[in-house]
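Chemist: Please see the structure below; I have some questions.
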Amino acid sequence: FQGIFVLGLPYALLHSGYSGLFLIILAAALCCYTGKILIACLYEENEDGQLIRVRDTYEDIANACCKKLSPKLGGIVVNVTQVMELIMTCVLYLVVSGNLLSHSFPYVPVTEKTWSVIAFVTLLPCVFIQTLKIISKLSQLCSLVHFIVILVVVTYCLTQIHQWSWAKFRPSIEFDDFLVSVGVIIFSYTSQIFLPTLEGNMKNPEEFRCMLNWTHFFACVLKTTFALAAFLTWGEETKEVITDNLPSFLQTLVNLCLLTKALLSYPLPFFAATEIVYACISRGNHSNYRPPLFALGVRGSFILLTLLMAMFIPHFALLMGLTGSVTGAAMTFLLPSLFHLKLKWRKLSFSEKCADISVFILGLLCSLAGIVCSIKGLLEVFG
């Protein structure tokens, strides 16, 4: 929940005003709700009325919903969406790495795209990662670095509290910028991909709903505090990556910490994306054997694809908004509510049906509008 993309939230507040604060809270509540109904889709009642876990993954839920049309159609849609989101996450790590390096060493005559290539070179060993054992160690270091960065930024903002003013919020906002901000906020909460695995590995799965309530509550509080403190400190000067606003004596240190975090974060979504592809290919070939050269070729293709996309779309906030609007909204709002209605229709109360339908419609509108505005923003930048 508190990933590197939290750094884009103050910029989202700049373009959404007071409504941005409401959106951060609303997104937490909706994501918590869709997480619960997604997990509910993993269970069915037996003859004695007891809930039994009959499905294990997001893909299993999708296949169960689409089995009358095609046994594998739902799984294909979910897998494609997951791979898209994971790849876009990797691209964002490369984009933000180039941004951080260029601002850390402004006197070096190297462009931001070149810095992204340099960061990419350090990530090439990812093609040789075959298990989660190494990634788990990298993730531990990643979490430690992240909390240090957040602490430094918030502490500096608190030293500038005498400059804070609510007048910094815009009285009017541009609709296009507002919708991009919606995508950024949604993307900062996306976690539904991992929830079925998380719930399945809990010692006490019956505590999942309680856990989800508390984690979303604390995530909401931390995001709101961070975004509000940073925006009130810099106002109209707030940049896409908030650490760019820090004074030079802190900026280089924090940027290098964030660079470390971004590079340490890259292997997890990269590994997850390649594993999904491998799983699909193995099922198609009815074999779990992975030829070494083929596996290396798939990983190499994926890592090269992320570099090419980072080179062509080097805009952190716009890219994050587009990703949030396309894959984030689909995996977080559209599919969970649709699957819940499909699998549990006869057992849902009228109010539950209304809630699911409302979430689906809201997610669809946000997704379509966010896609249009993010693409429009990217076209304007390139134009």
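The values are calculated or read from the model by the stated rules, or taken from the named source; none is laboratory data. On a predicted model such as this, the values are computed, not experimentally measured, just so you know. Here the Cβ positions follow ideal geometry from the backbone for every residue, glycine too, while neighbour counts run over all protein chains shown. Remember, those area values only see protein heavy atoms, side chains included, never the ligands or the DNA or RNA. Shrake-Rupley method; radii C 1.70, N 1.55, O 1.52, S 1.80 Å.
Chemist: Carbon and sulfur atoms: what percent of the 1.4 Å accessible area of the chain do they account for?
Modeler: 69
Chemist: Right, next: Can you compute 3J(HN,Hα) from phi for each residue in segment 125-133, using the Karplus curve 6.51 cos²θ - 1.76 cosθ + 1.60 with θ = phi - 60°, rounded to whole Hz and x for Gly and Pro?
Modeler: x, 4, 5, 9, 6, 10, 9, 7, 4
Chemist: How large is ³J(HN,Hα) for each residue in segment 146-157, as worked out from phi by the Karplus curve 6.51 cos²θ - 1.76 cosθ + 1.60 (θ = phi - 60°), to whole Hz, x for Gly and Pro?
Modeler: 4, 5, 5, 4, 4, 4, 5, 5, 5, 4, 5, 4
Chemist: What's the extension gain from residue 294 to residue 203 if we count 0.36 nm per residue and subtract their Cα-Cα distance?
Modeler: My answer for the length gained is 29.1 nm.
Chemist: I would also like to ask the following. From zero up to wherever the largest Cα-Cα distance of the chain sits, split into 10 Å bins and tell me the percent of pairs in each.
Modeler: Taking every Cα pair in the chain, the percentages come to 5, 22, 33, 26, 12, 3, 0, 0.
Chemist: What accessible area per residue comes out for the chain, rounded to a whole number of Å², with a 1.4 Å probe?
Modeler: 48
Chemist: Taking amide H positions as placed in the peptide plane 1.01 Å from N, state which residues far from residue 348 in sequence (5 or more) or on other chains have amide H under 5 Å from it.
Modeler: Answer set, sorted by chain and number: none.
Chemist: Order 207, 237, 59, 199, most accessible first, counting only protein heavy atoms with a 1.4 angstrom probe.
Modeler: Listed by decreasing accessible area, they come as 237, 207, 59, 199.
Chemist: Could you sort 153, 121 by accessible area so the largest value comes first, with the probe set to 1.4 Å?
Modeler: Result, largest first: 121, 153.
Chemist: Whole-Hz ³J(HN,Hα) for each residue in segment 209-216, computed from phi via Karplus 6.51 cos²θ - 1.76 cosθ + 1.60 with θ = phi - 60°, x for glycine and proline: what do you get?
Modeler: Once θ is set to phi - 60°, the couplings for segment 209-216 become 4, 5, 4, 5, 4, 5, 5, 5 Hz.
Chemist: From largest accessible area down, sort 88, 331; use a 1.4 Å probe on the protein chains.
Modeler: Accessible-area ranking of 88, 331, largest first: 88, 331.
Chemist: Ok, one more. Taking a cut-off of 17 Å between Cα atoms, list the aspartates and glutamates near residue 261, but don't count ones fewer than 8 places away on the same chain.
Modeler: Leaving aside aspartates and glutamates fewer than 8 places away in the same chain, those within reach of residue 261 are 244.
Chemist: A further question follows. Among the listed pairs 36/376; 72/344; 137/344; 68/376, which are separated by more than 32 Å between their Cα atoms?
Modeler: In this structure, 36/376; 137/344; 68/376 exceed 32 Å between Cα atoms.
Chemist: Can you give me the relative contact order of segment 5-382 as a percent, contacts being Cα pairs under 8 Å and 6 or more apart?
Modeler: Reported as a whole number, the value is 34 percent.
Chemist: Over the alpha carbons of segment 126-205, what is the largest minus smallest coordinate on each principal axis, giving the biggest first in Å?
Modeler: 50, 35, 32
Chemist: Given a Förster distance of 51 angstrom, what is the FRET efficiency for residue 44 paired with residue 144, based on the Cβ-Cβ distance and rounded to 0.05?
Modeler: 0.80
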